[in-house]
Amino acid sequence: MLNFVEKLFKEPFQEFLDTIQKFLPNILTSILILVSGFITAWIIRIVLGKIAKLLKIDRFFNNAGIARNLEKSGIKKSPVKVLRQLLYWTIVFIFTIFALIFLKVPVMENLLERFFLYLPNVFIASLLLIIGYLVANLVGRVILITQVNAGVKSAGILSRAVRIIIIIFAFAMAVEQLGIGRETVLIAFAITFGGIVLALSIALGLGGKDIAKDFLEKKFKGSSKDNDTFKHL
Amino acid sequence: MVKHSDILLDDVNRKVNEIGHADILIGIPSYNNASTIGHVVKAVQTGLLKYFPDKRSILANSDGGSIDDTINIVKESGIDLKSILIHRYEENLFKISTPYQGIPGKGSAFRTIFEIARVLNVKACAVVDSDLRSITPEWIELLVSPVLNNGFDFVAPYYHRHKYDGTITNTIIYPVTRMLYGKCIRQPIGGDFGFSGRLAEFYADKKVWETDVARFGIDIWMTTTAVANGFKICQSFLGAKIHDPKDPAASLSSMLHQVVSSLFNLMEEYSSVWHRVHDTENIPTFGFVYTVGLEPVAVNLLPMIDKFKLGVKELSILYKDFLSPELQKFLSEMIDQSEDKFVFPDEIWVRILFDFAVACHKKIMNTGHIIKSLTPLYLGKVASFVIESRDASFDEVEQRLESLCRTFQKEKQYLIDRWGK
């Protein structure tokens, strides 16, 4: 009977105690790493704030137009504040990963390994989105200015359309990089993009043939309706 | 053979070696100007023989790769000495015609001319455009003599032009240069200048040949560099300026961009100079000023106003980043104005230009985009100017421009305050 009780309660309990004994230092180490992560992040955030103030980095961001772009994207905080916040959470995130590694749980280790393998994809996708957004803004602006200077009435629509197409293109590339619904995204993008091009071709063919004719005539025959002889220089 | 300069081609170095030294150099930049350059070359040759017969002179043509007959015409153009009443003639006029190196543009052509002047150690130089129809031999005397005989370093041209000719000069370059540097140079980007050998050397040494200075920015750069560096300057009345349009392929937007970006870059470079200037002064003027007949200029107002309205409507998204709210409000109200009520007041135009200059200085966004977005507003100002001066005489237009210059002067503190340190 005593033997049975020992097998039923004492041994599992002993095993549980052994496991706890083995695991407890890991938990404590992890908690310690996590706490020190928060403290380090907090210190770096404060130091960065002081340095930014000293070097007048906010002024640089304002002059470079980065502050305005952030504001346009709906972020009301100053670029330095955003940068400090970003750095803070990146440090916390790194320390959290270390803390999880120190737990030495096989399932967790497996998950982390897969996560780390996937991380470059996330990085490249984010980069694609950022570059896409910047290129879209730049190209959109260039098209807007040149078309307005050429007197094209639909300059605004044209610039917005190009901007949206570039953003969609970047988004499709980013999603493809992440491997989310790869084929669906590709097919959807091809259909949408092809549809836009076809719609534009038909629109130009039906509605804009006179404009195209005028443009080509002006370009190659040199005829112009603006018959002034202005010399601006 | 001694190679004097890396900028000059080998055969030019050889020719320069043969010539040795010269007193006067007249430079003519060209690019497909076969229809006009013959007249310009003859006027220059006559001017040199008539007014400087004892001086050793060079006519240097710097060409941008013309595919028409420009170079042959330069080489073959000669003058009938008897018909211009020249009886005594010494063989001391030389001709050099060479393609230039670097970015295609008038500025690169001038760089070659400065370099030849430096190597030949000339005392006085002049440059004249190859598209001129109204140039006479007297232009050479008026551009060179103040340097050779009166000790001036820079001679700006002063001509009578049609009231609608040179609108970038009238609405931007003349008033802004005058307000910034305090000298009343009526044609800062006239294109035909006289300058001393030492100023030619000063120009040649500058490292600006990869910028807009190498293109249409050269004229404002030459004038500003001379003024801001304290060279002795004057202007000469040359009569009428009648010329073909500059580079017909170049759009207004890119011409305006090249000139205005050079102006704004010079504002950066000489910021400490123009901050100290508070008054304007007249400069010595040579030549006998007389009234001249001018070719009519046809103006089509409606496309200008349409482009202005389109620009204000579509580019307001950019303007709100650097134009003050009052200016934005004014511009948006102007969209609804009909042609007869279309007035662009000087005060508004001056502040718009200042806000553009400050936006470029503070790099609010890509400076090329900022300056190119000025085109519709410039067209609005020109349209308003045309409407206002429809029935105005030459003198009345000059008075009108004088008033614009005074407004620039009055508002200078606004620019200084916004420019910052």
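The values are calculated or read from the model by the stated rules, or taken from the named source; none is laboratory data. Given the structure is predicted, the values throughout are model-derived calculations rather than measurements. Cβ: placed from backbone, ideal geometry, glycine included. Neighbour counts: every protein chain shown. Note: areas computed on protein heavy atoms with side chains; ligands, DNA, RNA excluded. Shrake-Rupley method; radii C 1.70, N 1.55, O 1.52, S 1.80 Å.
When you count, for each residue, the other Cβ atoms within 10 Å and take the mean per peptide, how do B:161-168, A:170-177 rank with the highest first?
Packing order, densest peptide first, comes out as B:161-168, A:170-177.
Normalising by the residue count of chain B, find the relative contact order in percent from Cα pairs under 8 Å and 6+ residues apart. Mind showing how you got there, number by number?
Working: 706 pairs, mean separation 65.9, N = 421.
Averaging sequence separation for qualifying contacts and normalising by length gives 16 percent for chain B.
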Sequence-distant lysines (8 or more away, or on other chains) whose Cα lies within less than 22 Å of residue A:213: A:153, A:221, A:225, B:307
Dipole of the protein assembly as shown, positive direction: furthest Cα of B:92, B:132, B:357, with charges on the beta-carbon: B:357
Using bins 10 angstrom wide from zero, how does P(r) for region B:1-72 break down, in % of all Cα pairs? 18, 42, 35, 5
Centroid-to-centroid separation of region B:128-149 and region A:129-175 [C-alpha atoms, Å]: 50
Unit charges at the beta carbon, dipole of chain B: most positive-side option, B:79, B:30, B:147: B:147
What is the average number of partner chain Cβ atoms found within 10 Å of a Cβ in B:311-317? 5
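Taking a threshold of 21 Å on the Cα-Cα distance, which of the pairs B:15/B:241; B:123/B:206; B:206/B:232; B:309/B:362 fall above it? Working shown, then result.
Details: B:15/B:241 33 Å; B:123/B:206 19 Å; B:206/B:232 19 Å; B:309/B:362 27 Å.
From B:15/B:241; B:123/B:206; B:206/B:232; B:309/B:362, over 21 Å: B:15/B:241; B:309/B:362.
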Quick one, what does Rg over Rh come out to for region B:318-421 if you take C-alpha atoms and the Kirkwood Rh? 0.99
State the answer as a single residue: which of B:343, B:294, B:332 lies farthest towards the positive end of the charge dipole of region B:281-365, with beta carbon charges of +1 for Lys and Arg and -1 for Asp and Glu, about the Cα centre. B:332
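Assuming a viscosity of 1.002 mPa s and a temperature of 20 °C, what translational diffusion coefficient in µm² per second does Stokes-Einstein assign to region B:142-226, Rh being the Kirkwood radius over Cα pairs? Intermediate results must be reported in sequence, preceding the final value.
Numbers: Rh = 13.7 Å.
The estimated diffusion coefficient comes to 157 µm²/s.
I want to verify the translational diffusion coefficient of the protein assembly as shown in µm²/s; compute it with Stokes-Einstein, Rh as the Kirkwood radius over Cα pairs, at 20 °C and 1.002 mPa s. If you can, show how the numbers build up before the last one.
Working: Rh = 29.7 Å.
After rounding, the answer is 72 µm²/s.
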Magnitude of the charge dipole, region B:267-349, Cβ model with Lys/Arg +1 and Asp/Glu -1, debye to 20: 180
Using protein chains only and a probe of 1.4 angstrom, how many square angstrom of residue A:42 are accessible, to the nearest 10? 130
Rounded to the nearest 10 Å², the accessible area of residue A:78 at probe 1.4 Å: 40
Principal axis lengths of chain B from Cα atoms, whole Å, largest first? 67, 44, 42
How many partner chain Cβ atoms sit within 10 Å of a residue's Cβ in peptide B:367-375, on average, as a whole number? 3
Report the accessible area of residue B:318, computed with a 1.4 Å probe over the heavy atoms of all protein chains in place, in Å² rounded to the nearest 10. 10
Among the aspartates and glutamates, which have Cα under 14 Å from the Cα of residue B:412 when same-chain residues fewer than 8 positions away are ignored? B:279, B:346, B:347, B:355
Work out the length of the dipole vector of the protein assembly as shown about its Cα centre, built from +1 on the beta-carbon of each Lys and Arg and -1 on the beta-carbon of each Asp and Glu, and round it to the nearest 20 debye. 1700
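How crowded by other chains is B:319-325, given as the mean number of beta carbons from other chains within 10 Å of each beta carbon? Mind showing how you got there, number by number?
On the way: counts 0, 1, 3, 2, 0, 0, 0.
Counting Cβ atoms of other protein chains within 10 Å of each residue's Cβ and averaging gives 1.
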Given +1 on the Cβ of Lys and Arg, -1 on the Cβ of Asp and Glu, and no further charges, what dipole in debye does region B:341-421 carry about its Cα centre, rounded to the nearest 20? 580
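Could you rank B:415, A:128, A:8 by how accessible they are, 1.4 Å probe, largest area first? Don't skip to the answer; put the middle values down first.
Working: B:415 0, A:128 45, A:8 90 Å².
Ranking B:415, A:128, A:8 by accessible area, largest first, yields A:8, A:128, B:415.
So, for region B:306-353, what is the accessible surface per residue at a probe of 1.4 Å, expressed in square angstrom? Kindly include the intermediate steps, with their values, before the conclusion.
Working: 2270 Å² over 48 residues.
Heavy-atom SASA per residue in region B:306-353 reads 47 Å².
Based on alpha-carbon positions alone, could you give the equivalent ellipsoid semi-axes of region A:15-115 from the gyration tensor, as √(5λ), descending, whole Å? Present the calculation step by step, with values, prior to reporting the outcome.
Values: eigenvalues 319, 47, 13 Å².
Largest first, region A:15-115 gives 40, 15, 8 Å.
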Using a Förster distance of 25 Å, the FRET efficiency for residue A:121-residue A:201 (Cβ separation, nearest 0.05): 0.10
